[in-house]
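Colleague: Could you have a look at this structure, given as structure tokens, before my questions?
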């Protein structure tokens, strides 16, 4: 009986040793070398895994940074220039410094200016709404108001304004990851440069209908009148498909376009109030 138990123990031990040897040989044969720099670079990244860099996660982005010789075109929008500088120092590769950007909502179609003409009873999702109908208003280009962008934001940098039915971006929290841009089926969210004091000028409309139809659907719609184009000193404005667009690369924030817009579709943010021009007295008033 004792010999039988002993033989069983010896047999099991031998099998364990053989299995360990097999596993060791297999692990050596199929071992995949991983550059230790990958883990080092991943530690520097913000671990947001937001795909704002164009890769599915920070791990994949770290692998790309290590494997690529020229990383000047690669950028982590969440970490920004500070993180990319650390990556540059770690890898000994040059990176390009980029101006920070922030999400803007290119639609002002609140209930007051864009009246509802129908009522949607389906699932509250912009993606679904955009697939099956044109929206609850006569504007087929504006915000659907179901908040897919807010749900996609991992940084609590957006919320839906109950009064207007439109999303609002909390600039200080926006990391420029672009998740809200990808989530919007109407493409009304754009990443624009975040200037000093977050000064921005942009056209808050995407309606490509001709002037009369656009204004009928929304009173603050761009009507493609070209008045903003005529006063722009830097050729920063183009008009295509009955719609004006202000290119942030050329716009100097002079604000000349804002007061000439007849519908108020051009938005300016964080500028000081304009000084009201005091009318010069007439000759009769001066003599009096």
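Colleague: Is it the case, given these coordinates, that residue 223 is crowded, with 20+ Cβ neighbours inside 10 Å, at pLDDT 95 or above and assigned to a loop (DSSP other than H, G, I, E, B)?
Modeller: Taking the combined requirement at face value, the residue satisfies it.
Colleague: Here is a follow-up. Can you spot a residue in segment 170-177 that is buried (at least 17 other Cβ atoms within 10 Å of the Cβ) and in contact with a helix residue (DSSP H, G or I) (Cβ under 7 Å, 6 or more places away or on another chain)? Explain how you work it out, then say what you get.
Modeller: The initial filter retains those residues of segment 170-177 that are buried (at least 17 other Cβ atoms within 10 Å of the Cβ), namely 174-177.
Next cut, in contact with a helix residue (DSSP H, G or I) (Cβ under 7 Å, 6 or more places away or on another chain) only: none.
Within segment 170-177, none of the residues are buried (at least 17 other Cβ atoms within 10 Å of the Cβ) and in contact with a helix residue (DSSP H, G or I) (Cβ under 7 Å, 6 or more places away or on another chain).
Colleague: Restricting the first residue to segment 107-128 and requiring it to be at negative phi, which pairs with a second residue that is loosely packed, with under 13 Cβ neighbours inside 10 Å and at pLDDT below 95 meet a Cβ separation below 8 Å and a spacing of at least six or different chains?
Modeller: Listed pairs, sorted by first residue: 110/163; 122/132; 128/122.
Colleague: Pick out the one residue from 66, 95, 102 that is in contact (Cβ under 8 Å) with a residue 60 or more places away in the chain and either assigned by TED's automatic domain parsing to the domain that holds residue 144 or crowded, with 18+ Cβ neighbours inside 10 Å (or both).
Modeller: When all the criteria are applied, what remains is 102.
Colleague: Kindly provide the set of residues from segment 228-252 that are over 29 Å from residue 212 (Cβ atoms) and in contact with a strand residue (DSSP E or B) (Cβ under 6 Å, 6 or more places away or on another chain), ordered by number.
Modeller: Within segment 228-252, 248 is the sole residue that qualifies.
Colleague: State the number of residues belonging to segment 126-139 that are touching a helix residue (DSSP H, G or I) at 6+ places or on another chain (Cβ under 8 Å) and either within 13 Å of residue 186 (Cβ to Cβ) or modelled with pLDDT under 85 (or both).
Modeller: Of segment 126-139, the ones touching a helix residue (DSSP H, G or I) at 6+ places or on another chain (Cβ under 8 Å) are 126-127, 135, 137-139.
Those still in the list that are either within 13 Å of residue 186 (Cβ to Cβ) or modelled with pLDDT under 85 (or both) too: 126-127, 135, 137, 139.
Of the residues in segment 126-139, 5 are touching a helix residue (DSSP H, G or I) at 6+ places or on another chain (Cβ under 8 Å) and either within 13 Å of residue 186 (Cβ to Cβ) or modelled with pLDDT under 85 (or both).
Colleague: Any idea which of 46, 77 is over 16 Å from the mean Cα position of the chain (by Cα), buried (at least 16 other Cβ atoms within 10 Å of the Cβ) and either modelled with pLDDT under 95 or in the same structural domain as residue 154 (by TED's automatic domain parsing) (or both)?
Modeller: Numbers: 77 fails: over 16 Å from the mean Cα position of the chain (by Cα).
It is 46.
Colleague: Also: Just one of 22, 32 is modelled with pLDDT under 90 and surrounded by fewer than 10 Cβ atoms within 10 Å (Cβ to Cβ); which is it?
Modeller: 32
Colleague: Inspect segment 266-282 for any residue being under 23 Å from residue 144 (Cβ atoms) and either assigned to a loop (DSSP other than H, G, I, E, B) or more than 26 Å from the chain's Cα centre (by Cα) (or both) and give the result as yes or no.
Modeller: Scanning segment 266-282 turns up no residue that is under 23 Å from residue 144 (Cβ atoms) and either assigned to a loop (DSSP other than H, G, I, E, B) or more than 26 Å from the chain's Cα centre (by Cα) (or both).
Colleague: Now for a separate question. Would it be correct to say that residue 99 is within 17 Å of the chain's Cα centre (by Cα) and either within 20 Å of residue 201 (Cβ to Cβ) or modelled with pLDDT of 90 or more (or both)? Talk me through it step by step, then tell me what you get.
Modeller: Working: within 17 Å of the chain's Cα centre (by Cα): yes; either within 20 Å of residue 201 (Cβ to Cβ) or modelled with pLDDT of 90 or more (or both): yes.
Criteria met by residue 99.
The values are calculated or read from the model by the stated rules, or taken from the named source; none is laboratory data. Bear in mind that the values here come from a model prediction, so they are computed numbers and not experimental data. So basically every Cβ, Gly included, is an ideal-geometry build from the backbone, and we count neighbours across all protein chains shown.
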